[in-house]
Every structure is written in structure tokens, then in C-alpha cells.
Amino acid sequence: MDEHSFRGQAVYHGDLRLAREATSLLLPDDRLRTLEAFLKRLPESVRKKIRAVTIDLKESWKKLIQRVLPEARVVADPFH
């Protein structure tokens with residue numbers, strides 16, 4: 001999960017990579033509620049396959065991901 005700026009507008013971007021396929025997504029904001037809703041919409045079978053999540057250094061995101069994806073490692077984005 002990452003936050004970008006595009007023409008002065010904040011864009012919240014995520015890449016979902018499972019096996020050899022990747023899906024990019026844009027979220028409307030960086031609210032915990034938005035991220036949690038997205039993650040919970042993923043089928044349980046998909047959530048169980050997620051092994052790691054790279055995030056900006058937001059403690060609130062880390063705690064949410066640990067709660068919703070307890071098997072996944074949370075890794076800090078090396079550019080932050």
C-alpha cells in the first residue's frame with residue numbers, strides 16, 4: 001500500500017500480487033475504514049495466501065493489516 005501524488009491530488013495505490021499475477025488498485029482515500037473494507041472484500045482463500053504487505057510507515061495501517069491478515073508479515077516501504 002502506498003500514497004502517491006498525481007497532479008497535486010493524493011492517490012492511494014495498492015498492488016496485489018498473488019503467484020505470478022498482479023493487480024493494481026486505487027483507493028479513494030487512506031482511511032482505515034476504506035483499507036479494511038477493501039481487505040475484507042477479498043475472498044478468505046485469497047487473504048490466506050497473502051504472505052507480506054509493504055506499507056508506508058503508518059502505525060495505524062500496520063495494526064489494521066496485522067488484525068485483518070494475521071498470517072502476513074508487514075514490511076516498511078524502503079523508500080520511507
Inset, instruction - Only residues that are more than 13 Å from GLU36 (Cα to Cα) and surrounded by 12 or more Cβ atoms within 10 Å (Cβ to Cβ): list them for the stretch 53-76, please. - result: VAL53, THR54, ILE55, ASP56, LYS58, ALA72, ARG73, VAL74, ALA76
Inset, instruction - Go through the stretch 36-56 and give me each residue that's within 19 Å of LEU26 (Cα to Cα) and in contact with an Asp or Glu (Cβ under 8 Å, 6 or more places away or on another chain). - result: ILE50, THR54, ILE55, ASP56
Inset, instruction - For the stretch 43-57, name all the residues that are without any contact (Cβ under 8 Å) to a residue 12 or more places away in the chain and charged (D, E, K, R). - result: GLU44
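FYI, it's all coordinate maths here, none of it is from the lab. Since we're looking at a predicted model, the values are computed, not measured. We place every Cβ from the backbone using ideal geometry, glycine too, and count neighbours over all the protein chains shown.
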